[in-house]
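The values are calculated or read from the model by the stated rules, or taken from the named source; none is laboratory data. Just so you know, these numbers come straight off a predicted model, no measurement behind them. Using ideal geometry, Cβ is built from the backbone for each residue, glycine included, and neighbour counts are taken over all protein chains shown.
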Amino acid sequence: MKRKPEIVTAVVLVLTALTLFLPSCSRRQPGPSPAAQQKADDVRARETTVRNVTEKPVAYKITPAGKPEASEMREIAPGAIDRFQTAVPLEIEFHTGQKDAIYSLDPGSPYSFRYDEGTTIELFLGSHGRSDAVDLAPWVPTPQPVVDRMLEIASVTDHDVLYDIGCGDGRIVITAARRYGARGVGIDIDEAMIDESEREAESAGVQRQVKFLCMDATKADISEATVVSLYLLPESNALMRPLLEAQLRPKSRVVCHNYTIPGWDDKQVVSETVEDENGEDHYIYLYIR
């Protein structure tokens, strides 16, 4: 019977220890195991693609964000597409032919090595997942002041039919219809852009004057056009040239934003620099077929 106080004391000490220990356990936030975290990253991973649209192999270094030890040197052949499954941005380094360049690539986005001017190589964001259509250019919207001046230089009127190749959100066709009463056709391979163009046309009240076609522009019938607008890269302008020569009637006008049409120097009648709302220079070229 003399051991009873000792037993009681021991029990009290054990209970006190448990009382102190258990709350601290309950405050711990359980985290995912390394295996579970890796599985979650795999689920979030999306395909980032890089395509080489130039005529020569392009060497580059690719590095996952925050993982310099995972850097990899690669070389991509002309026409090839490299694919990366990633949940984090990728850093890409390459030489443009004039200088070193570094860009960040977003997970799930497509990119292309293309010629900017001459033999200078640049990396552009743009769709190239279609096997049934030629990817003429990434979509970069033409600033509205440039759109306005392009239409002025081309002398667009209500007698014209304007075709915009790579129409994006339809702003050139819509502006021509709203401001000058012209009829217009926009062509783009991106269905989402065609849908947006149709919404914008309806909002502007010109849906009966314009239409938008989701198709490969190199296979389009543009023979109805009296004016064609282009904001494409140089190699794409060269690709479109045979179509323009075969289908456009004499005296048709072709107005280009930033890039000339190779081989059409004798048809160029206007070259003008226009400043946008941010003070950046843009170049407009007018050709007469």
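Below, the figures for the structure above:
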| read-out | value |
| --- | --- |
| Residues of region 214-234 satisfying the condition of being crowded, with 17+ Cβ neighbours inside 10 Å and not polar (S, T, N, Q) | Ala217, Ala220, Ile222, Ala225, Val227, Val228, Leu230, Tyr231, Leu232, Leu233, Pro234 |
| Count - residues of region 249-289 that are within 13 Å of Thr226 (Cα to Cα), among the charged types (D, E, K, R) and either part of a strand (DSSP E or B) or within 24 Å of the chain's Cα centre (by Cα) (or both) | 1 |
| Near pairs, Cβ below 7 angstrom, 6+ apart or cross-chain, from region 68-83 (farther than 16 Å from Thr49 by Cα) to any residue that is of a type in the set (Val, Ile, Thr) | Ala70/Thr63; Ser71/Thr63 |
| Boolean, Thr49 is polar (S, T, N, Q), at pLDDT below 90 and not in a strand (DSSP E or B) | no |
| Residue, farthest from Pro145 (Cα to Cα), within region 248-275, restricted to residues that are loosely packed, with under 15 Cβ neighbours inside 10 Å and in contact with a helix residue (DSSP H, G or I) (Cβ under 7 Å, 6 or more places away or on another chain) | Gly263 |
| Subset tally (residues that are within 26 Å of the chain's Cα centre (by Cα), among the hydrophobic types (A, V, I, L, M, F, W, C) and under 11 Å from Val227 (Cα atoms)) for region 168-189 | 3 |
